[in-house]
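Undergrad: To start, I am sharing the structure in question, which I have written as structure tokens.
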Amino acid sequence: MQDPRRATPRTDAVLAEPRLRDAAVRLGPRMVKQAVVDSLARCRAGDISADEVPDVALAALPASATTLQRVVNATGVVVHTNLGRAPLSAAAVEALATAAGATDVELDLGSGRRGKRGRGTLAQLAADVPDAGGVHVVNNGAAALALVTCALAGAGREVVVARGEMVEIGDGFRIPELLESVGARLREVGTTNRVRLADYAEAVGEDTAFVLKVHPSNFQVTGFTSSVPVHELAGLSAPLVVDIGSGLLAPHPRLPDEPDAATVLRHGADLVTASGDKLLGGPQCGLLLGDETLVERLRRHPFARALRVDKLTLAALEATLSGPVAPVVGALGRRPEDLRPRAEAIAAALAGVVAAEVVDSLAAVGGGGAPGVELPSVAVALSDGLAEPLRRAPTPVVGRVERGRLLLDLVAVDPTEDGAVVEAVRHAAKHVGQG
Ligand SMILES: *Cc1c(COP(=O)(O)O)cnc(C)c1O
């Protein structure tokens, strides 16, 4: 027998293989070289033959140059924070690609002079929220709130906020701590369950920078409760900032209790802050909408530069606003009667592969929006032993385990992904218990 070390080809000879050369153009030479080096080590160890070296290296390469993977969201949670919140529309994805190169984000091509950054996106946003005299975009909802607070209350001035609205957003981050971190002092009013207009009126004084109303977007307090509506808070002598959270620009018929920017501004709020990647269905960003002078002051504040969005965000946001229905909005509109035929087709395609049953399901909005709202949905129920192999499939499918079964809820699955779901289950069925 030949010594495998002698039969091992040279690294540059393997790298010259056309398929590996193409891969190096696509993924970068470093990644491809590492795969070849690993593959050669296995050849030297006698694990694989010299002929197999290129194929083994190619098989070890990822599909793209990011470790992030496309995932099918079959959790039944429409805006899933761990799955990147809102998936972008095809129009927004195309806009990202257009803006990725050199672009006129801050150049007026007609005059050749500097142009206002993101003017097309801001004009679209202003057109979509006519009640806002001024609009600005920052990195996320928390950044929007931080900028308002830093600019208006940064020098130790007071923000008046109800105790029942001191929200923890997620991952241990809390709105009251965020406000304090940029120099504001909190003036808490009311109790956990109740606050009255008189509580606010008593607290507002010389030191008040603004009154903040926060939408409790991820929990519900029921029973003996009261909060003060925007139109009453608007009558106080301090500016009113409302953090609506979810980014609805106008009322949504299926989410009657979810605040929207247009209504809140019409009811007298001076400023609205919101996220772009929740119910608006766009890229991660934070919206600041409202009084023109106030928004301009925020835009010119030194801290605004630290929260500035990039050209990709501006492009994707504009396409979300002006383009076709965003996936999140489409998901919110899906009815069980739309989903059942799809679930039946998926179950039929899996006949003889795994036991699959079409079941009714209750989906949720998630991601800090419409707490307590249940969306009637339809799911394909499988054995819960498939949950893990499905997450490891080439296109991972993430479902939800409920009462000992894995539900693949279709509310947030685009119809074009149904085939990928079937493929993933077929793949998972072959790999059960091998994780
Ligand atoms: C989600 C949310 C935030 C935080 O927004 P990010 O975009 O995650 O920074 C702040 N306030 C409310 C009410 C929210 O729902």
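Undergrad: Could you sort the peptides 210-220, 5-15 by per-residue average Cβ neighbour count (10 Å cutoff), highest mean leading?
TA: My ranking of the peptides, most packed first, is 210-220, 5-15.
Undergrad: Where Rh is the Kirkwood radius over the Cα pairs of the chain, the temperature 4 °C and the viscosity 1.567 mPa s, what D in µm²/s does Stokes-Einstein return?
TA: In µm²/s, the coefficient is 52.
Undergrad: What Kirkwood hydrodynamic radius, in Å, does region 29-149 give when the mean of 1/r is taken over all pairs of distinct Cα atoms and then inverted?
TA: 19.8
Undergrad: Over the chain, how many pairs of lysines fall under 27 Å by alpha carbon, counting only those 8 or more apart in sequence or from different chains?
TA: Count of close lysine pairs: 4.
Undergrad: Also, I was wondering about something else. Work through the residues other than His427 whose Cβ is under 14 Å from its Cβ and net out their charges, Lys, Arg +1 and Asp, Glu -1.
TA: Summing Lys and Arg as +1 and Asp and Glu as -1 gives +2.
Undergrad: Provide the descending list of Cα extents for region 153-309 along its principal axes, expressed in whole angstroms.
TA: For region 153-309, the Cα extents along the three principal axes come out at 41, 39, 33 Å.
Undergrad: Using only Cα atoms, figure out Rg for region 1-76 and give it as a multiple of 2.2 N^0.38 Å.
TA: This ratio for region 1-76 stands at 1.32.
Undergrad: Let me ask another. Taking the full set of protein chains and a 1.4 angstrom probe, give the accessible area of Met31 in square angstrom, rounded to the nearest 10.
TA: 70
Undergrad: I've got another one for you. Under a 5 Å amide H to amide H cut-off, with H placed in plane at 1.01 Å, what residues pair with Glu402 once short-range neighbours are removed?
TA: When sequence neighbours closer than 5 places are left aside, the close amide H contacts are Leu407.
Undergrad: Okay, next question. What number do you get for region 57-212 when its Cα radius of gyration is normalised by 2.2 N^0.38 Å, N = residues?
TA: Cα-based Rg divided by the globular estimate yields 1.44.
Undergrad: So how strong a dipole does the chain carry about its Cα centre when Lys and Arg Cβ are +1 and Asp and Glu Cβ are -1, to the nearest 20 debye?
TA: 1140
Undergrad: While we're looking at this one, here's another question. Along the principal axes of its C-alpha atoms, what lengths does region 165-221 span, in descending order and rounded to whole Å?
TA: 35, 28, 14 Å, listed from the longest principal axis down.
Undergrad: So who's got an amide H within less than 5 Å of the one on Lys213, skipping anything under 5 residues away but keeping other chains? H placed 1.01 Å off N, in plane.
TA: So Lys213 has HN proximity to Val241, Val242, Asp243.
Undergrad: Another one. With charges only on Cβ, +1 for K and R and -1 for D and E, what is the dipole size of region 1-69 about its Cα centre, in debye, rounded to 20?
TA: Once rounded to the nearest 20, the dipole reads 240 debye.
Undergrad: Would you compute, for the Cα atoms of region 290-346, the largest minus smallest coordinate along each principal axis and list the three values in descending order, in whole Å?
TA: Here the Cα extents, ordered largest to smallest, are 56, 24, 18 Å.
Undergrad: Here is a further query. Restricting to DSSP loop positions (anything but H, G, I, E, B) with no more than 15 other Cβ atoms inside 10 Å of their own Cβ, which trypsin sites (Lys or Arg not before Pro) remain in region 39-95?
TA: Answer by residue number: Arg70.
Undergrad: Please name whichever of Ala143, Phe219, Leu233 sits farthest to the positive end of the charge dipole of the chain, dipole taken about the Cα centre and charges placed at Cβ: Lys and Arg +1, Asp and Glu -1.
TA: Ranked along the dipole, the leading option is Ala143.
Undergrad: Sticking with this one: Tally the DSSP beta bridges in the chain and give the antiparallel ones as a percent, rounded to 5.
TA: Beta bridges within the chain, antiparallel portion: roughly 60 percent.
Undergrad: Each residue of region 364-371 in turn: what ³J(HN,Hα) in whole Hz from Karplus with 6.51, -1.76, 1.60 and θ = phi - 60°, glycine and Pro shown as x?
TA: Result, ordered by residue: 10, 6, x, x, x, x, 6, x Hz.
Undergrad: From zero outward in steps of 10 Å, how is the percent of C-alpha pairs of region 292-384 spread across the bins?
TA: Taking every Cα pair in region 292-384, the percentages come to 13, 24, 25, 19, 11, 7, 1.
Undergrad: Calculate log10 I(q)/I(0) of region 348-418 for q = 0.15, 0.21, 0.28 Å⁻¹, where I(q) comes from the Debye formula with a single equal point scatterer on each Cα and nothing for solvent.
TA: -0.53, -1.01, -1.44
Undergrad: OK, next. For region 84-135, take every pair of Cα atoms, bin their distances at 5 Å starting from 0, and report each bin as a whole percent.
TA: Cα pair-distance distribution for region 84-135, in percent: 4, 16, 16, 22, 21, 15, 4, 1.
Undergrad: Next up: So what's the net charge close to Ala381: Lys and Arg +1, Asp and Glu -1, counting the other residues with Cβ under 12 Å from its Cβ?
TA: My count for the surroundings of Ala381 gives -2.
Undergrad: Right, next: For every helix of n ≥ 4 consecutive DSSP H residues, a contribution of -39,500 (n - 2.57) applies; sum these over the chain, divide by its total residues, and give [θ] at 222 nm rounded to the nearest 500 deg cm²/dmol.
TA: -10500 deg cm²/dmol
The values are calculated or read from the model by the stated rules, or taken from the named source; none is laboratory data. If you're wondering where the values come from, they're calculated on a predicted model, not measured in any experiment. So basically every Cβ, Gly included, is an ideal-geometry build from the backbone, and we count neighbours across all protein chains shown. These accessible areas exclude ligands, DNA and RNA; they are computed on the full protein's heavy atoms, side chains included. Shrake-Rupley method; radii C 1.70, N 1.55, O 1.52, S 1.80 Å.
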